[in-house]
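The values are calculated or read from the model by the stated rules, or taken from the named source; none is laboratory data. Note that the structure is predicted; figures quoted are calculated from it, not measured. Please note: Cβ atoms are built from the backbone with ideal geometry, for glycine as well, and neighbour counts cover all protein chains shown.
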């Protein structure tokens, strides 16, 4: 307070007083603003954290105004919640064009109009004589064959009209496009221009001349060619303003004929307008067979004619109803997020607008509906209607000369006729694209119906790129192979129709072929649409093969994946020949158990991972057989990541089989336990509590047969011991099994005594198992280790009431109340929650066979980043389970690869601060309960851990994340996932092959202050490392069961023992990071706060020393001694301690 | 921060090792090979007036910052030159009481992993404390004559030690349970005696074991009773009967909606701040 007024006074003294006042006022105001801003910040959201809303009583219970009531009522009837309404409004605000920008665009359009009209005309020349074209411009069309009759001259357009979404107000950001139709004067066109691409040639020349003149104008920042919706016969001209507005808008010029120039009856789908004689350069076969129809060619001409009438239709429908416009904008966002709207045959915004117009005309949508309702109705319509079978039409005239819908179905896959009844709006949409749209609409409807809280986010905000949406993808590259495929598939008429575009000509037949071949394994097949290229006017238009690769996405049906057999018809039936023809040499006659002799195809696959890749065999076989595409051109991305979870010796399996073997062994053991005779109390439940028993152990256990010579023997306990002179023996982790004993009055009511009784039971259990079943057992006070068929199980006896007894607290008045204590919580977690979780996830694996792979890949990755010990096993399993239980907006993954990508996406985008991750195991939580959980979460946010995972069994406390990770570690994981995802996706999308897939699994080491290098000799799991070493040490295992069975060395992992010591001794000075799967390095990060010198305290001297600092004594960590301690504590294991940073050199 | 870099040379000199108030610093190293050393901070064990401590006065040496590889035996050996050592105890943090005489069962309380610890060393004579405080060091934990195991050798030994004799466990459990059973039996006998017998003032103690068992005195039971009462009362009340009740429920509904609306607005605000509305 002191200096400020003094300064002001000084100012007032020297300067003139008039200047003073306003400036003072300004500061006062600013001050106020600042304080109010501060206030709101403190009140609403501190560092992006939601806080429970507190409204005063007066505010809550004041009389409502009619406006407020109206709004509330509207919200209830038009949207399904106020949150959704607000979200939709926000989204629309974000994607809409602002008025200011509109003004600028309008001004630009006026300029464009003027410039176009000023382009000079040219004298008439032959179409083939293009010498008049100036040097700097190329015709934006492949003129194949070149010779064509007709004359061309340039005249300024008869009319320039703005068409499309810009005028309708449904245009959305980013990339704002304004479509401008240039009506070519009648004088340019001739009578038979509809024939043999003459019209398209003239159109292209028209654009070329225009481009040349506009390119010289300084008004434009860039003048380039592109294709209309990717159609190779229809180029268009892109104009962008100069200077800073360059990215504001793109004006697209579409030349079009006068609307009544072509006779519509010439352009029906059954008519031919590209003569074979001209196109193929040969005379038509003499037998008088009719010319093939050219439906797509005809459609492209019709589209140009109808530009304006469509515009009129849409403006009458959408013009007055803002709800409809909102709906269209939302639908465009929806399509865009799903990558459905771009390219040739995309489901464009224009199509959706027409669909809305159709639904308005059939009264399924009313003009007063809100944007959300329009979205919902359209999705509902798409989800329930199959336009590939029952086309729809906007034409309601009963003109007998109009073609029937059936005619269109013959020529096109998807049928949606415009108001003229002659133009199929969906002509270029392939059946698979439409099915994809349908599939997406169905998923979205399910999402909307589920009333999920974050529906909006999932529906409109989550991108669904192909790589993350489909289980397997495959690239066909180079595209020129498709030309050969067209010939092989005898697609000449289609090529003629598509003007030589072999990619789109082959697309339909290829997808049909694959769909037929994959039948029971396939849920959905989608293809990428070639991107719409842009090129400079001085360049030749890109070739068909330049559009990169064709990518197909397969959404697999998990239940169909398990079969290796493709069952055909019986040998004597006529279909057998078709079957043989379809499968070629792979089809064999086989005799089946029921006596039938059938044609069948059998694929080679033994393990689950191989079965998952049968589609690859099918696809490569069929493509080679029918389309002449060799397997070198098919790049299949499905099992690329499998190598990371493969065991040491199994290169063909991703471990599902080994896990199943372990689980089978456990089942046998539990049966033995149930049937055990002679226990004083009966066994009431046997439950697994180990990752293996829920199929999520990264490297499944294999039966161990230890070599005696490798170990020290402890005969009296029948156990093997590690030998100091040998490398560390193989790591055997016992699998925990919880064995509940029945409740009885015999149990003592005292915690200490219960512990003793349990120990007695452990001893008894071990005796009985040895006596009755000859199993090698070793009992301790808390568990019994049992060796069965090479697997080791750790049976823990539990008593149901023990946690409760640990909780009991007697108050002074003698009232017994239950309070959680650390011991009771731990016991409850180990004997109650963990078995429940294990059985729930075991069940999940039965439903979704890919769960195991995804969970293990995810865990593998987190551990490879050295963060595995900060996250509990269970928390990572639950995150993986969430991908299956809440896959929206996707479907549950059917391959580990896509599941892992989604794991990375989830981790990198989930807002842990403001949301609990709800994992609704067994679907036990109702929607209301979930809402309750969310509100409870917000209220208790500060007491909860950073990462909150809620399950039906654990609704409040998130037990699996309570002890970690810390916010910094979680943040680190988020950052790593966000970095890894694009890298991995890029690798998988690269048609030349993914390169080194392990890149994202290698941890960054440059952030650590100290690296402790370990010697592989004492790392028992050395071979599990991401970059598996070519050779490692012998771990003393036999390949065959040995003569007798001594208990192998259990849970002996020197790096873990070392880490435990380090953490105990230096846990408050540093963090230690290690990959338990064969890591050779421990990363150490000093904790900055512990390095602040602080005064001497008897309770806090660990590893510190006293130094005098400016005359005062202070404690600082004794770094040099600590570094030497690292080596001492890990003697034999530590190879080198490398201090990498000097910054802590105190 | 940068200014904190200093030369290490003065530390080796005799008086150069700064010790905090009342403590003397004694360097300690694992073995000859190590360059740097940790410092033990020692002083005589003293407590403030009024606090009780079971350590013998004058004869107890209090040692801070004992490195993890330094065991009780080792410390005893290192300090024995100062005078005969009676006992050495290591603790995680300073404790005033001696640990109970009875050692904890090794079956039920496995040895924890050691970190830096504090030690209470009791000498037979008070002179030992003075001699220890005056030690110059550096002390060596592991020497050729008395090697201390660490690393792989230690882990293998620990693993071997962890495999215990089940018979010994059985014996221990049996003895424990015998005494426990005896104790319980005594208590029950006593309770039976008291059953129904009025005390001096004529009060009779009612227990669960009586002929007519009563409600257990637990929190859960009392909560259950309360809940039942509440339900009974709720059944008698009329709902939405009076006009004011109608009005109130409507108002309540409106308030709910308002609250929800406010919450939603807050969420939107947050989402906007996080740019969650850009679909591109």
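Considering only residues in region A:562-592 that are in a loop (DSSP other than H, G, I, E, B), surrounded by 13 or more Cβ atoms within 10 Å (Cβ to Cβ) and touching a strand residue (DSSP E or B) at 6+ places or on another chain (Cβ under 8 Å), the one that is modelled with the lowest pLDDT turns out to be A:571.
Among residues of region A:910-934 being in contact (Cβ under 8 Å) with a residue 60 or more places away in the chain and in a helix (DSSP H, G or I), the one that is surrounded by the most Cβ atoms within 10 Å (Cβ to Cβ) is A:921. Taking region B:225-280 on its own, how many of its residues are over 30 Å from residue A:93 (Cβ atoms) and either facing another protein chain (nearest Cβ under 7 Å) or part of a helix (DSSP H, G or I) (or both)? So the count comes out to 22.
The single condition among (1) more than 34 Å from the chain's Cα centre (by Cα); (2) surrounded by 19 or more Cβ atoms within 10 Å (Cβ to Cβ); (3) within 14 Å of residue A:534 (Cβ to Cβ) that residue A:221 does not satisfy is (2).
Looking at this structure, is residue B:67 under 14 Å from residue B:28 (Cα atoms) and either within 14 Å of another protein chain (Cβ to nearest Cβ) or touching a helix residue (DSSP H, G or I) at 6+ places or on another chain (Cβ under 8 Å) (or both)? Considered against the rule, which asks whether it is under 14 Å from residue B:28 (Cα atoms) and either within 14 Å of another protein chain (Cβ to nearest Cβ) or touching a helix residue (DSSP H, G or I) at 6+ places or on another chain (Cβ under 8 Å) (or both), residue B:67 comes out as yes. Only one entry in B:101, B:192, B:183, B:93 is over 30 Å from residue A:717 (Cα atoms), loosely packed, with under 13 Cβ neighbours inside 10 Å, modelled with pLDDT under 85 and within 11 Å of chain A (Cβ to nearest Cβ), namely B:93. I'm checking my understanding of the structure. Among residues of region A:108-133 that are loosely packed, with under 12 Cβ neighbours inside 10 Å and within 50 Å of the chain's Cα centre (by Cα), which one is nearest to residue A:165 (Cα to Cα)? Selected residue: A:110. Note on region A:1082-1100: residues that are within 7 Å of chain B (Cβ to nearest Cβ) and touching a strand residue (DSSP E or B) at 6+ places or on another chain (Cβ under 8 Å) total 2.
Residue-wise test of (1) modelled with pLDDT of 85 or more; (2) within 8 Å of another protein chain (Cβ to nearest Cβ); (3) surrounded by 18 or more Cβ atoms within 10 Å (Cβ to Cβ).
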{"residue": "B:109", "(1), (2), (3)": "no, no, no"}
{"residue": "B:124", "(1), (2), (3)": "yes, no, no"}
{"residue": "B:155", "(1), (2), (3)": "yes, yes, yes"}
{"residue": "B:196", "(1), (2), (3)": "no, no, no"}
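Counting residues in region B:147-160 that are closer than 29 Å to residue B:69 by Cα, outside the structural domain of residue B:75 (by TED's automatic domain parsing), within 28 Å of the chain's Cα centre (by Cα) and in a loop (DSSP other than H, G, I, E, B) gives zero. Every listed requirement among (1) modelled with pLDDT under 75; (2) within 22 Å of the chain's Cα centre (by Cα); (3) at the interface with chain A (Cβ under 9 Å from one of its Cβ atoms) is met by residue B:8 save one, (2). Residue pairs whose Cβ atoms lie under 6 Å apart, separated by 6 or more positions or on different chains, with the first residue in region A:415-433 and modelled with pLDDT under 85 and the second in a loop (DSSP other than H, G, I, E, B) and surrounded by fewer than 24 Cβ atoms within 10 Å (Cβ to Cβ), are A:421/A:395; A:421/A:402.
Among the residues of region A:337-373, just one is within 14 Å of another protein chain (Cβ to nearest Cβ) and without any contact (Cβ under 8 Å) to a residue 60 or more places away in the chain, namely A:341.
The test for being within 10 Å of chain B (Cβ to nearest Cβ), crowded, with 22+ Cβ neighbours inside 10 Å and touching a helix residue (DSSP H, G or I) at 6+ places or on another chain (Cβ under 8 Å) holds for residue A:1103. When you scan region A:690-727, how many residues do you find that are surrounded by 16 or more Cβ atoms within 10 Å (Cβ to Cβ), away from chain B (no Cβ under 13 Å) and not in a loop (DSSP other than H, G, I, E, B)? Number of matching residues: 6.
Looking only at residues in region A:1106-1122 that are part of a strand (DSSP E or B) and either touching a residue at least 24 places away in the same chain (Cβ under 8 Å) or at the interface with chain B (Cβ under 7 Å from one of its Cβ atoms) (or both), the one that is nearest to residue B:92 (Cα to Cα) is A:1117. When the residues of region A:1077-1100 are filtered to those that are in contact with a helix residue (DSSP H, G or I) (Cβ under 9 Å, 6 or more places away or on another chain) and part of a strand (DSSP E or B), the one that is nearest to residue A:730 (Cα to Cα) is A:1082. Candidates are the residues of region A:59-77 that are outside any helix (DSSP H, G or I) and within 11 Å of another protein chain (Cβ to nearest Cβ); the one that is farthest from residue A:366 (Cα to Cα) is A:62.
Whether any residue in region A:1053-1076 is within 14 Å of another protein chain (Cβ to nearest Cβ), assigned to a loop (DSSP other than H, G, I, E, B), at pLDDT 90 or above and over 29 Å from residue B:95 (Cβ atoms) is what I want to check. The answer is yes; a qualifying residue exists. Look at residue A:678 and say whether it is away from every other protein chain (no Cβ under 14 Å), buried (at least 18 other Cβ atoms within 10 Å of the Cβ) and part of a loop (DSSP other than H, G, I, E, B). No; evaluated as a whole, the condition is false for this residue.
Out of all the residues in region A:167-175, is one or more surrounded by fewer than 18 Cβ atoms within 10 Å (Cβ to Cβ), out of contact with any strand residue (DSSP E or B) (no Cβ under 9 Å at 6 or more places or on another chain), free of Cβ contacts under 8 Å to residues at least 24 places away in the same chain and closer than 30 Å to residue A:316 by Cα? Yes; the residues of region A:167-175 include at least one that is surrounded by fewer than 18 Cβ atoms within 10 Å (Cβ to Cβ), out of contact with any strand residue (DSSP E or B) (no Cβ under 9 Å at 6 or more places or on another chain), free of Cβ contacts under 8 Å to residues at least 24 places away in the same chain and closer than 30 Å to residue A:316 by Cα. Filtered by the rule that a residue be without any contact (Cβ under 8 Å) to a residue 24 or more places away in the chain and either facing chain A (nearest Cβ under 8 Å) or in contact with a strand residue (DSSP E or B) (Cβ under 6 Å, 6 or more places away or on another chain) (or both), region B:159-172 gives B:159, B:160, B:163, B:165, B:166, B:170. Please work out which one of (1) over 25 Å from residue A:667 (Cβ atoms); (2) more than 10 Å from every other protein chain (Cβ to nearest Cβ) is the condition residue A:756 fails and give its number. If we test residue A:756 against (1) over 25 Å from residue A:667 (Cβ atoms); (2) more than 10 Å from every other protein chain (Cβ to nearest Cβ), just (2) comes out false. Can we say residue A:1033 is touching a helix residue (DSSP H, G or I) at 6+ places or on another chain (Cβ under 8 Å), more than 10 Å from chain B (Cβ to nearest Cβ) and surrounded by fewer than 19 Cβ atoms within 10 Å (Cβ to Cβ)? When the stated conditions are applied, residue A:1033 passes them.
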